[in-house]
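Report on one structure; see the data block that follows.
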Amino acid sequence: MTKPLAGSPPVVPGACAPVSDRGRPRFGAGLRGSRAAMRAVDDLERAGKLDGLVGVGQRWARSLPPGRTRDALYGVWLGHPLHPMLAQAPMGLWLSATVLDAWPGGERASRRLVLAGLAAAAPAALAGAVDWSEQHEQQMRVGTVHAMANGAAIGLYAASLAARTRPVSRMLRLAGLATAGVAGLLGGHISFRLAGGANQAEPVPHLVEPGWHDLMPAAELTGTGPVKRMVGEIPVVVVRDGPDVHVLAERCSHLSGPLSEGTLSGGCLTCPWHGSVFRARDGAVVHGPATAPQPVFRVRVTGGTLQVCLPDAG
């Protein structure tokens, strides 16, 4: 057994060994600031004090009724959320304005870019709001601060247009860019740390073994409501639509809602959590907030047993 260093805390058998700073590269200390920043962002996920603002914002965002306009803002037609794509326009325009500020005589061009960025921010904010209103509590809390930071950036850029001197105008634009950068960090946290907007069904083909799998006795499928079964470790939902039987991944591609607890109507399956609607025969998205289709299994009956196979599994 290795003898502990003098002055180090005792090592308890079976416990995690204490971490010592001895021998660490000096640049490791530079990570403390970034870790503290990420802890602050993590704390926003648990900030219940934001729930009042979340409720107000959600009621406002949901005032746009379900339909073509809302589906278009979700990005159903695109196949993934529209907001991240729209958000590139104001950020690119504002960054370009800041770059032009470094050259003499670029004030007029910078102001035009700021104006264009303010115009582009409107549809980006609207698409982001409808996405945000159909997310989990932790995502919505971070999203509230994300929206506030974006609002502050818009205010700073608008103020830069009203500034009477170029130095003040440039300073306001630079502050606006920094604030928009913080907002972008929070947006990235929602997307990549909290998986907001990610396709939750994407892992399914990688977790299902190739080939045909016995699912259930065909005689057990007597009703018309969704039925949950398992293919290995993957839950699937089985639905009967007239003479046809369809089998889809059971967890909604939007935020993993249980489709087996949803409703089947007109050949479409509705998620009980946020109302995403999928066509049962091919998993296509009919209505958002989901934008990615559900994986659909091929079905056959062999010897009275319902069998399924997922194309491109494994």
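In this structure, residue 49 and residue 209 have a Cβ-Cβ separation that, at R0 = 51 Å, corresponds to a calculated FRET efficiency of about 0.60.
The angle between the Cα long axis of helix 83-100 and the main principal axis of the chain comes to about 20°, on a 0 to 90 degree scale. Amide H contacts for residue 268 (H built 1.01 Å from N in the peptide plane; partners 5 or more residues away or on another chain; cut-off under 5 Å): 280. Please work out the Cα center distance from region 84-116 to region 172-220, rounded to the nearest Å. Region 84-116 and region 172-220 have Cα centres spaced 31 Å from each other.
Considering the convex hull of the alpha carbon atoms of region 34-193, report its projected area averaged over all viewing directions, in nm², one decimal.
Values: hull surface 41.6 nm².
The directionally averaged projection comes out at 10.4 nm².
The helix-based estimate of mean residue ellipticity at 222 nm for the chain, built from -39,500 (n - 2.57) per DSSP H run of four or more residues and divided by its residue count, is -14000 deg cm²/dmol to the nearest 500. Based on Cα contacts under 8 Å between residues 6+ apart, the chain shows a relative contact order of 15 percent. Rounded to the nearest 10 degrees, the inclination of helix 137-162 to the longest alpha-carbon principal axis of the chain is 30 degrees. Taking amide H as placed 1.01 Å from N in the peptide plane, residue 196 has its amide H under 5 Å from the amide H of 191, each at least 5 places away in sequence or on another chain.
Whole-Hz Karplus values for region 208-213 come out as 8, 5, x, x, 8, 10 Hz, taken residue by residue from phi with 6.51 cos²θ - 1.76 cosθ + 1.60 and θ = phi - 60°; glycine and proline positions read x.
Taking only the Cα atoms of the chain, how large is their convex hull per residue, in Å³? Display every interim value, and only then the final one.
Details: hull volume 71.0 nm³, N = 314.
Measuring per residue, one finds 226 Å³ for the Cα hull of the chain.
Amide H contacts for residue 305 (H built 1.01 Å from N in the peptide plane; partners 5 or more residues away or on another chain; cut-off under 5 Å): 218. Counted by Cβ distance under 10 Å from residue 138, the other residues give a net charge of 0, where Lys and Arg count +1 and Asp and Glu count -1. Helix 51-61 and the longest principal axis of the Cα set of the chain meet at an angle near 80°. Estimate the FRET efficiency between residue 233 and residue 42 by the formula 1/(1 + (r/R0)^6), using the beta-carbon distance for r and 41 Å for R0, to the nearest 0.05. The formula returns an efficiency of 0.90 here.
Normalised by the empirical 2.2 N^0.38 Å for globular proteins, what value does the Cα Rg of region 204-309 take? Spell out each step's value before the answer.
On the way: Rg = 12.8 Å, N = 106, 2.2 N^0.38 = 12.9 Å.
Normalised by 2.2 N^0.38 Å, the Cα Rg of region 204-309 equals 0.99.
Taken together, the values in this text are just the output of simple stated rules run on the coordinates, not laboratory data. Nothing here was measured: the structure is a model prediction, and the numbers come from that model. As a convention, Cβ positions derive from the backbone with ideal geometry for all residues, glycine included, and neighbour counts pool all protein chains shown.
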